[in-house]
Amino acid sequence: MLSESSKAVVTATLPVVQEHGEQITGRFYRRMFAAHPELLDLFNRGNQATGAQQAALAGAVVAYAAHLTGEPGVPWGPILDRIAHKHASLGITATSYTIVGRHLMAAIGEVLGDAVTREVAAAWDEVYWLLACELIAREARLYTEAGLAEGGSVWRDWRVTGVTVEATDVVSLTLVPADGGPVPGFTPGQYVSVAVDLDGGLGQQIRQYSLSGRPGADHWRITVKRVRGEGGAPDGLVSTFLHERVAPGAVLRLSPPFGEVSAVTGDGPLVLVSAGIGLTPAMAALEHLAATAPQRPVVLAHADRDGAAHAHRDELSRLHARLPNLRLKLWYERAGADDRETPDAEVATGRIDPDLIPLSPDAHVHLCGPLPFMNQVRGGLLRRGVPVERIAYEVFGPGMLRGGV
Ligand SMILES: Cc1cc2nc3c(=O)[nH]c(=O)nc-3n(C[C@H](O)[C@H](O)[C@H](O)COP(=O)(O)OP(=O)(O)OC[C@H]3O[C@@H](n4cnc5c(N)ncnc54)[C@H](O)[C@@H]3O)c2cc1C
Ligand code: HEM
């Protein structure tokens, strides 16, 4: 709870902080990285360059302040869970909150100048620490659940045992613990962070990849789409590295599995909707169901550019044989003759049409794909009467679904 005096100050200054939110976080990152260059290895350079992370942090602090001043309508639980899982997958500790807090408060002062009286600074400091304490507590719980000792590292070496080409620009890596130890279980929908040391002294970069194989198997599998720069933008740092530099025998640093979004919620009908590389959590879900609940009614509605771009296409046919109640609906933007004859699937040409996704009234839905795709499908499903709490979604980047949680 925010103290009454701080509440009045935050309410009065919220509009100006909101207006300058991204300027504040932009300045915050510059200050923090100048004072702590070692933190550059923790943050995603692509997101820094495109501004996506600035928007996510600014958005979170401002929205939380609005919530503390009594603004209704933001369900904070899911947002805090998402941030805490992402932080835990990066091994963020309570001590770094002090560094972030110091530089964030200093950045607010620098951007807003004289408007930041001692009283205003104290009120925003209170907002920051209320939010920080919520996250620190959640992250501590996640570390304990993952069996990590307090202050221990999240990183463990994993050996690549296989590299499989799944589609144009998509490969799967299978991995086992380099120390020969046990392979932790996970819930379909969870991801791991992968840390790589880039060539040319560019330092470490970390990205998240959903586990795409069967939970309980003697290895993990991730499936990586190579990100090619468009319109003059550079190629993706980590996906390019994983495609070009990683062969069987290579060792990568991986976190334990984290992620709050399950792709197999409930035990009734399940609808998995994906586009492109967003298929990866659905693959883990289907592999899991084939092993544990093969009779469960499940629909996979998947959109892709064409059959050649569609990863795990043959595996879906094999899964179909093990899941008698699986219905496969595919939308290819450009379906060739071969694509239209995909075994066991109903194939349409063009973009996905949410009205044509088979639905039963009690279905749970899981979405994963680019944000515009998810916004469109989610809107369509809500219009068709699917209750909002039955639609889960995973975002392959910072931030939440617009108009969503
Ligand atoms: C929970 C979660 C699960 C995920 N699961 C998967 C998965 O299963 N499979 C998968 O393939 N991916 C997955 N991702 C995405 C993955 O984490 C990476 O984001 C993706 O591989 C791209 O990383 P990269 O390092 O190759 O690209 P980055 O280097 O991060 O670049 C990303 C984009 O930013 C652009 N960019 C970078 N720098 C600039 C600049 N200076 N100016 C303009 N544009 C720039 C690049 O052109 C590119 O389009 C997941 C993400 C999350 C959060
Ligand atoms: C109250 C304090 C904090 C808030 C509100 C906050 C908020 C956020 C948000 C909203 C995201 C994006 C989550 C997503 O949707 O994927 C994020 C990611 C991240 N945070 Fe925090 N954070 C805080 C503290 C910290 C601290 C102390 C550190 C460590 C120095 C940190 C490091 C990171 C990193 C490395 C990422 C991933 C960045 C990326 O991949 O681009 N954060 N944080």
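Where a number appears in this text, it was derived from the coordinates with a stated rule and is not lab data. The structure presented is a predicted model; accordingly, all values stated were derived computationally and were not measured. Quick reminder, even Gly has a Cβ in these numbers, built from the backbone with ideal geometry, and neighbours come from all protein chains shown.
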Taking the chain and counting helices only, DSSP H stretches of n ≥ 4 at -39,500 (n - 2.57) each over all residues, the nearest-500 ellipticity at 222 nm comes to -13000 deg cm²/dmol
Would you list E394, E119, E126, E389 from fewest to most Cβ contacts within 10 Å?
-> E389, E119, E126, E394
Quick one: what Rg and Dmax do you get for the stretch 156-254 from the alpha carbons, in Å?
-> 13.5, 45
Post the alpha-carbon centroid distance, the stretch 114-188 to the stretch 1-66, in whole angstrom.
-> 20 Å
To the nearest 0.05, how large is the calculated FRET efficiency for D179 and T50 if R₀ is 22 Å and r is the Cβ-Cβ distance?
-> 0.05
Simple spin-label estimate for T168/E333, 7 Å along Cα→Cβ, in nm, reads 1.0 nm
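Pairs of Cα atoms under 8 Å, at least six residues apart: use those to get the relative contact order of the stretch 4-145, whole percent. Display every interim value, and only then the final one.
Values: 101 pairs, mean separation 59.7, N = 142.
Answer for the stretch 4-145 is 42 percent.
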Treating the beta-carbon of each Lys and Arg as +1 and of each Asp and Glu as -1, no other charges, what is the dipole magnitude of the chain about its Cα centre, to the nearest 20 debye?
-> 260 debye
Inter-label distance for E244 and A149, nm, one decimal - labels placed 7 Å from Cα along Cα-to-Cβ | 3.9 nm
Efficiency by 1/(1 + (r/R0)^6): what FRET value for F33 and T161, r their Cβ-Cβ distance, R0 = 35 Å, to the nearest 0.05?
-> 0.45
Indicate the gyration tensor shape class of the stretch 286-405 (rounded, prolate or oblate), computed on the Cα atoms with a ≥ b ≥ c the square roots of the eigenvalues: a/c under 1.5 is rounded; otherwise a/b larger than b/c is prolate and the rest oblate.
-> oblate
The local net charge around V116, scoring Lys/Arg +1 and Asp/Glu -1 for residues other than V116 whose Cβ lies under 12 Å from its Cβ, equals -3
Semi-axes in Å, largest first, for the chain (Cα gyration tensor, √(5λ)) are 38, 25, 20
Note down the relative contact order for the stretch 302-405 as a percent, whole number, built from C-alpha pairs under 8 angstrom at least six residues apart.
-> 21 percent
Charge context of H364, other residues only, Cβ under 11 angstrom, K/R +1, D/E -1 = -1
Length gain on complete extension for the stretch A94 to D218, per 0.36 nm per residue less the alpha carbon to alpha carbon distance?
-> 41.3 nm
When R318, R156 are arranged by how many other beta-carbons sit within 10 Å of their Cβ, fewest first, they go R318, R156
How many percent of DSSP beta bridges within the chain run antiparallel, rounded to 5?
-> 50 percent
Please report the relative contact order for the chain, taking Cα pairs under 8 Å with a sequence separation of at least 6, and give it as a percent rounded to a whole number.
-> 15 percent
